[in-house]
Amino acid sequence: MIGVHKDPKGDMTMPGILKKPFIRRQTEAVVETDRYIDLGELVFEEESMAEGDISWVKVAEIYRYEDLPKLTNEVYEGNVIIIDYSAISNDQMTLKKVIEELKMVAKDTGGDVAGVGKNLLMIVPFGMRILREKIKGGL
């Protein structure tokens, strides 16, 4: 008859026949609870932003230099503005003043400003940059 020995861990082994110890099954504690978490009510920090904290991409048209303060206020509020300046594209002096003002606003807010198409400017607030290269589709 083969003897059964206990090793220092307390596991039972059979010398010479099995190298692995017999495994003692541990009983798992079963915990029942009446509580549950409703995932619909769970709010994460990123999702808890108020409506005023949301940044928007807005499209605007500028017809004269005096329209600029309304557009720049949007940037100070954290919104991205795409400006169609077709109406003033022939007035080089007004266009130059508008572009200089937008550059100052971008610098002031820590944002960026760039031309993104024919008669289109984009100004973005802090934390964003405009890539000056186009993403080309196809191979």
Ordered by packing density, taken as the mean number of other Cβ atoms within 10 Å over each peptide's residues, highest first, how do 111-117, 128-134, 68-74 rank?
111-117, 68-74, 128-134
Can you work out ³J(HN,Hα) from phi for every residue in the stretch 112-124, in order, using Karplus 6.51 cos²θ - 1.76 cosθ + 1.60 and θ = phi - 60°, giving whole Hz and x for Gly and Pro?
8, 9, 7, x, 10, x, 5, 6, 10, 10, 10, 10, 10
For the cross-link pairs K107/K136; K70/K107; K103/K136; K70/K103; K58/K103, which exceed 22 Å when the distance is taken from alpha carbon to alpha carbon?
K107/K136; K103/K136
How large is the direction-averaged shadow of the alpha-carbon convex hull of the stretch 56-124, in nm²?
3.9
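Taken together, the values in this text are just the output of simple stated rules run on the coordinates, not laboratory data. Remember, predicted model here, so these are calculated numbers, not experimental data. Please note: Cβ atoms are built from the backbone with ideal geometry, for glycine as well, and neighbour counts cover all protein chains shown.
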